[in-house]
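Below is one structure, written out as structure tokens; the observations come after it.
Just so you know, all these numbers are worked out from the coordinates, no wet-lab data involved. All values reported here derive from a predicted model rather than from experimental measurement. We place every Cβ from the backbone using ideal geometry, glycine too, and count neighbours over all the protein chains shown.
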Amino acid sequence: MKRFFAALTTAALAATLTSCGSSSSKKDGDDPTGKTIGVSLPNENLDRWNSDGQFLKEKFEEAGYKVVLKYASGDVTRQNNDLVSMITDKVDLLLVAAVDGQALANTLDSAKEADIPIVAYDRLINDTDAITYYVSFDNYGVGKLQANFIKDQLKLDSADKPCTIEFVSGDSLDPNAKFFFDGAYSTLASYIDSGKLNVLSDRKTFELTATKDWLSDNAKADMKKLLDANYPSGTTLDAVLCANDSTALGVTQALDENYKGSNVPIITGQDGDDANLKNIIDGKQAMTVYKNLHDEASVTFEVCKTILSGKTPAAALASELPYEVAFDSETYNNGVKYVQSYILTPYVITKDNMQLLVNTGMFRWDSSQKYVESITGTNAASATETASEANS
Ligand code: BGC
């Protein structure tokens, strides 16, 4: 159905492009004047994508580019339509974080035909050679950080009795979600195989653990059922490896309502959403993996700027940038080619190192000095300046 729709809109797009002339007048050179970046992000319901949108818009507009920013509300059809209209309007570059990494190939092929470079933002896009670059974090590494945290907390190498764990993964259409799961599961597989770690639900694959649309409510409903079926009174659940903060939030609520044990299971997360940072301080979630979105947006900006000035960003760009970022052209195969990638490094946040978030300039201690919260809107820019002044 999705593919059918994509084919339809792509046909309409091809007609439009033919009728208005298929190639836009390309404006090469360093001057950003008159160049427009089309940014298509998956949804607005998470702190992280709001921050991405804000940072990307600010970065490009400060440099003199125009930005068309659209959120798809988690709807692949809507994202496809957004992209079609951006291509019809002849944007100069497309920056896309796909709702469904498999569903945009036809539309993006049309963008390529219209000579519009495409950068896959945060999520890889499969089945098309139209992607020029990919900028993201080490997503397999995110899963490894979560799993190693659990391994250390449960002292799996020295524990004298078996522990229990459950996995809660992300949306099955998001290619990142599979990377997170694979990184996590591969780290714990030997403990599961040897019986040191038991998965009482027997949900041991990505498909069985996926959470539709990454939604907290779906994670909560799944976990409630899982607890009722596998963790009666007297059966302890030691850890839940949640792929990100929205799933962790739902799992925490399910545990509050349906878990009969007296321990607080170790819950992992990812993103550093406000509600989860609060839960970490309150002892309901153990950690989150933080990915500095300002750095991700900044690296993306540099890659796009280089492309738009008619040059080729390659390995050299990564070494020139003041961020922890690696150039990788051998790992990220989207089914058609190895996509040249810029990969940033995630790190673990617990209640003991939250100051690291504050040091980024994107978070602050709240008025009670107990919790850390993100700084949004115009405060973000001034806080970043304050932080960099303080660091210089
Ligand atoms: C992103 C995560 C985010 C998740 C849900 C993933 O592709 O990398 O940071 O939590 O999508 O939106």
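One table, with the values for the structure above:
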| read-out | value |
| --- | --- |
| Relative contact order (%) - criterion: Cα under 8 Å, at least six apart; region: the stretch 158-219 | 49 percent |
| The chain, dipole about Cα centre (Lys/Arg Cβ +1, Asp/Glu Cβ -1), debye to the nearest 20 | 540 debye |
| Amide H contacts of Thr164 (H built 1.01 Å from N, under 5 Å, at least 5 apart or other chain) | Asn198, Asp238, Ala239 |
| Degrees separating the helix 293-308 axis from the principal Cα axis of the chain, which is the longest one | 20 degrees |
| Total charge dipole magnitude, the stretch 144-290, about the Cα centre, Cβ charges on Lys, Arg, Asp, Glu only, Debye to nearest 20 | 380 debye |
| Spin-label pair Leu200/Ser262, simplified geometry with 7 Å Cα→Cβ offset, distance in nm | 1.6 nm |
| Mean separation of Cα contacts under 8 Å (6+ apart) over length of the chain, as relative contact order % | 15 percent |
| Total charge dipole magnitude, the stretch 63-216, about the Cα centre, Cβ charges on Lys, Arg, Asp, Glu only, Debye to nearest 20 | 440 debye |
| Burial ordering of Phe206, Phe180, fewest other beta-carbon atoms within 10 Å first | Phe206, Phe180 |
| C-alpha long axis of helix 47-62 to longest principal axis of the chain, angle in ° | 30 degrees |
| Estimated FRET transfer efficiency when R0 is 30 angstrom, pair Ser158-Thr345 (beta carbons, to 0.05) | 0.55 |
| Cβ-derived FRET efficiency at R0 25 Å, Ile281 paired with Thr331, nearest 0.05 | 0.10 |
| In range of the label at Lys212: residues from the stretch 234-251 whose backbone nitrogen is under 17 Å from the point 7 Å along Cα→Cβ | 247, 250-251 |
| R0 of 22 Å, Cβ-Cβ distance Lys311-Glu62: FRET efficiency to nearest 0.05 | 0.60 |
| Relative contact order (percent, whole number), the stretch 144-290, Cα cutoff 8 Å, 6+ residue spacing | 25 percent |
| Residue exposure sequence - Trp365, Trp214, Trp49 - by fewest surrounding Cβ within 10 Å | Trp365, Trp49, Trp214 |
| Convex hull (Cα only) mean projected area of the stretch 220-364, reported in nm² to one decimal | 11.6 nm² |
| Counting all C-alpha pairs of the chain, share separated by more than 28 Å (%) | 48 percent |
| Cross-link pairs Lys204/Lys224; Lys70/Lys305; Lys204/Lys225; Lys224/Lys370 - those with Cα-Cα distance over 26 Å | Lys224/Lys370 |
| Computed Kirkwood radius, in angstrom, where 1/r is averaged over Cα pairs of the stretch 144-290 | 14.8 Å |
| Least to most buried among Cys304, Cys242 (fewest other Cβ within 10 Å first) | Cys304, Cys242 |
| Set Lys212/Lys351; Lys196/Lys278; Lys144/Lys351 screened for pairs whose C-alpha atoms are more than 24 Å apart | Lys212/Lys351; Lys196/Lys278 |
| Candidates per trypsin sites (Lys or Arg not before Pro) in the stretch 252-333, loop by DSSP, up to 12 other Cβ within 10 Å | Lys311 |
| At most 16 other Cβ within 10 Å, DSSP loop - chymotrypsin sites (Phe, Trp or Tyr not before Pro), the stretch 264-362 | Tyr323 |
| Tilt relative to the chain, helix 2-19 - C-alpha long axis, 0 to 90 degrees, to 10 | 20 degrees |
